[in-house]
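Derivation of every value follows stated rules applied to the coordinates shown; laboratory data play no part. Everything numeric here is computed off the predicted structure, so don't read it as measured data. Neighbour counts are summed over all protein chains in view; Cβ atoms, including those assigned to glycine, are modelled from backbone coordinates with ideal geometry.
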Amino acid sequence: MIGGGQGAFIGGVHRIAAQLDNAYELVCGAFSSNAEKSKASGEMLGIAPERVYASYKELFEKEQQLPEAQRVQVISIVTPNHVHFEPAKMALESGFHVILDKPMTFSLEEALQLRDVQERSGMLFCLTHTYTGYPMVKEARQLVASGKLGQIRKVYVEYPQGWLSTFEEGGENKQASWRTDPKQSGIAGAMGDIGTHAFNLAEYVSGLAVTKINADINVVVDGRQLDDDGAALLKFDNGASGVLVATQVAAGEENNVRIRVYGEKGGLEWQQEDANTLQVKWLDRPNEIYRTGGGNYLSSYAQHNTRTPGGHPEGYLEAFANLYRNFALCVQARLKGEEPQPEWQDYPGIEDGVRGMAFIENVIASGQSNQKWTDFTI
């Protein structure tokens, strides 16, 4: 692991996700840019002292010198955005598979470079867009792909938060400080942090690609350097239209990600606050409720990513762990010279990362433009 040391939020989430299925062993790390903090974090996590490194560059140098049987196989990168590209690039070039927190890089230019590096390296790559790991999100995608809803006409996706409703970055809130700092986060605030999740979810469930965008981007809280609120109208490659909303100033809201997709024959709705439920709505018959753990009426993708019997809530950590498990299954299949099952390969990859960075740059450019519609370019 690179990053995720003492005081970090997302590093602990990644470690829980990795350990839930006993598919990974945390064997080394550069847990902080501060060597002493990295050492202390390694001690806390029970890592052998000689494999706790002062920097990610030292990690790659020393790990490559170890015998193959002892050497690290997968690098998990959980640093702020501006420290995504270089360690991911070095990991791939050093022959290690990579799991990277989103958004993929600091800029679209870096994302395109990283895609080239990954393709040349032949190593596997996973981007942790968590919400695609939920069983009912996977069921939603399969329902759309089956054609049961008919041609998709409308997509609504929203991600409301309220934690930045006041100026938090001026104090000791580490998460607020780096996520609102353009030097660490990039050109976008809310749209980069949570808007990318909403965008990825819209394309993942609908199976469509955004081709045009018309955005309104706002800085609501005085003194904030990056956007904390925004909305965008979307056009998809089949002619469908959509609406995306991402805000961090919706006071009282937590993380209720929600998506609705409508086709000619019906629609569906999923939200994180009731993650075990998928509502399926029909034009000519009563609505249906699909439930996680519901049995054989669910697709193999939903069943593969379901962990508990029906009625037992599965949440954020389990969804995160599904990404880690599917990635591990693909790595293990490669080591055995076998072809991974399609359900195992259903995790976000390098193309999702490129499109996510393209979304950030296009939505900010559209928000700054007086033109009604701008082409979605990569």
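Below is a table of values for the structure above.
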| read-out | value |
| --- | --- |
| Alpha-carbon centroids, region 236-286 and region 303-378: separation in whole Å | 18 Å |
| Globularity ratio of region 256-317, using Cα Rg and 2.2 N^0.38 Å | 1.16 |
| Karplus 3J(HN,Hα) series, Hz, for region 242-252 with 6.51 cos²θ - 1.76 cosθ + 1.60 (x for Gly, Pro) | x, 10, 10, 10, 9, 9, 10, 10, 8, 3, x |
| Size of the chain as Cα extents on the principal axes (Å, biggest first) | 65, 52, 38 |
| Spherically averaged projected area of region 10-123 from its Cα convex hull (nm²) | 7.0 nm² |
| Helix-only mean residue ellipticity at 222 nm for the chain, each DSSP H run of n ≥ 4 adding -39500 (n - 2.57), per residue, nearest 500 | -10500 deg cm²/dmol |
| FRET efficiency, Asn296 to Thr211 (Cβ-Cβ, R0 51 Å, nearest 0.05) | 0.85 |
| Between region 64-101 and region 133-193, the alpha-carbon center distance in angstrom | 25 Å |
| Gain in span if fully extended, Thr166 to Leu335, counting 0.36 nm per residue against the direct Cα distance | 55.9 nm |
| Antiparallel DSSP beta bridges within the chain, as percent of all bridges there, nearest 5 | 70 percent |
| Shape call, region 71-158: gyration tensor on alpha carbons, a/c limit 1.5 | prolate |
| Rounded if a/c under 1.5, otherwise prolate or oblate - region 213-289, Cα gyration tensor axes | oblate |
| Pairwise label distance in nanometres, Asn255 with Gln271, each label 7 Å out on the Cα-Cβ vector | 1.7 nm |
| Three-way shape call for region 128-168 based on the alpha-carbon gyration tensor, with the a/c threshold at 1.5 | oblate |
| Aspartates and glutamates whose Cα lies under 18 Å from that of Lys57, excluding same-chain neighbours fewer than 8 positions away | Glu36, Glu86, Glu93 |
| Partners for Lys138 among lysines (Cα-Cα distance below 30 Å; same-chain residues under 8 apart left out) | Lys89, Lys102, Lys148, Lys154, Lys212, Lys235, Lys265, Lys281, Lys336 |
